[in-house]
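Taken together, the values in this text are just the output of simple stated rules run on the coordinates, not laboratory data. These numbers were taken from a predicted model, which means no experiment stands behind them. All Cβ positions, even for glycine, are placed from backbone atoms using ideal geometry, and neighbour counts span all protein chains on display.
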Amino acid sequence: MRIDVVTIFPDYLAPLELSLAGKARDKGLLDIRVHDLRQWTQDRHHTVDDTPYGGGAGMVMKPEPWGAAFDELAIEDATVVVTTPSGEPFTQSLARELSTRGRIVFACGRYEGIDQRVLDHARTRTEVREVSIGDYVLNGGEVAALAITEAVVRLLPGFMGNAESLVEESHALSDSGASLLEYPVYTKPAAWRGLEVPEVLLGGNHAAIASWRHDQAVRRTTERRPDLLPAATLLDGVEVRLAE
Ligand code: ADE
């Protein structure tokens, strides 16, 4: 996979040099490059923003530098990912989808966003996804691009040593298509500061352990993320339903 990140703060993406992307790079799975948007400006001041048509607070990113950046990078089968709080929610399912792409170009917006025509034009040539990592507003899309990259790269075939851990973790899909949060986990010692590891995990009854873990996952999901719970979920053999 090839990933290009376009930003006015390339230093923000320095963590990409650390273990995850570096590991994927060493394995030959990933070619990742960070670009300063200002290299595609033409004026002496390297201007990337201007006041919004129609008035209002803040600045809007100018179309020309982004257009030139996309002309160069958003080629062939590229998927452009624009990180913005007004995008579609980023989920494990979108991470899985993006992990199948050959080429991703991240456009990290700042200020009030990028001139809409940049995205409208890019859509005539390539796939464009506007993506939000949550219902809160960051100062720019760089941290979102980092988060999305990490979630996508670890799904690349050949990246994770142990494919089992991909199956069991939170937000992995079960056979029924349901998504539950992960059950609590424990390691040695069996007693620590007066707190004991649940008895069932100390025995070798694999069916009992699987059933306990499933119930714990359902309990957690019911408590923390009832929106994720499928309508007919069993807890202790009883159906727990979503409050409508
Ligand atoms: N840029 C600013 N806030 C954001 C968010 N929540 N998700 C993605 N990009 C953003």
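From the phi of every residue in the stretch 181-191, what ³J(HN,Hα) in whole Hz does the Karplus formula 6.51 cos²θ - 1.76 cosθ + 1.60 yield, where θ is phi - 60° and glycine or proline is x?
Result, ordered by residue: 6, 6, 5, x, 10, 9, 9, 5, x, 5, 10 Hz.
Efficiency by 1/(1 + (r/R0)^6): what FRET value for M160 and A232, r their Cβ-Cβ distance, R0 = 30 Å, to the nearest 0.05?
About 0.45, to the nearest 0.05.
Hey, rough spin-label estimate for D50 and A208, points 7 angstrom out along Cα→Cβ, what's it come to in nanometres?
If labels sit at D50 and A208, their model points lie 7.2 nm apart.
In terms of modelled amide H atoms, which long-range or inter-chain residues lie less than 5 Å from the amide H of R103?
Hits under the 5 Å cutoff: R2, T79.
Per-residue ellipticity at 222 nm for the chain, helices alone: DSSP H runs ≥ 4 residues times -39500 (n - 2.57), over residue total, nearest 500 deg cm²/dmol? Present the calculation step by step, with values, prior to reporting the outcome.
On the way: 7 runs with 71 residues, N = 244.
Value at 222 nm, helices only: -8500 deg cm²/dmol.
Using a basic spin-label model with each label point 7 Å from the Cα along Cα→Cβ, how many nm lie between R225 and Y111?
3.6
Between E199 and D31, take the C-beta separation as r, use R0 = 35 Å, and let me know the FRET efficiency to the nearest 0.05. Walk me through the numbers on the way to the answer.
Numbers: r = 50 Å, r/R0 = 1.42.
Calculated value: 0.10.
Using modelled backbone amide H atoms (1.01 Å from N, in-plane), which distant-in-sequence or interchain residues come within less than 5 Å of V5's amide H?
Amide H neighbours of V5, under 5 Å, 5+ apart: R33, V34, H35, F106.
Would you mind getting me the FRET efficiency between E64 and V143? Use the beta-carbon distance for r and R0 = 25 Å, nearest 0.05. Mind dumping the intermediate values first?
Numbers: r = 26 Å, r/R0 = 1.03.
Plugging the Cβ-Cβ distance into 1/(1 + (r/R0)^6) gives 0.45.
I'd like the distance separating the alpha-carbon centroids of the stretch 4-30 and the stretch 84-133, in whole Å.
18
For the chain, treating each Cα as an identical point scatterer without solvent, what Debye log10 I(q)/I(0) comes out at q = 0.11 1/Å?
-0.72
What list of ³J(HN,Hα) values in whole Hz, one per residue of the stretch 5-16 in order, does the Karplus curve 6.51 cos²θ - 1.76 cosθ + 1.60 (θ = phi - 60°) give from phi, with Gly and Pro shown as x?
10, 10, 7, 8, 10, x, 4, 4, 8, 3, x, 4
Could you give me the ³J(HN,Hα) list for the stretch 88-93, computed from phi with Karplus coefficients 6.51, -1.76, 1.60 and θ = phi - 60°, whole Hz, x at Gly and Pro?
Coupling constants for the stretch 88-93: 5, x, 7, 9, 4, 5 Hz.
Out of residues 5 or more away from R129 or on other chains, whose amide H comes under 5 Å of its own, with H placed 1.01 Å from N in the peptide plane?
Result for R129 returns V80, V81, V82.
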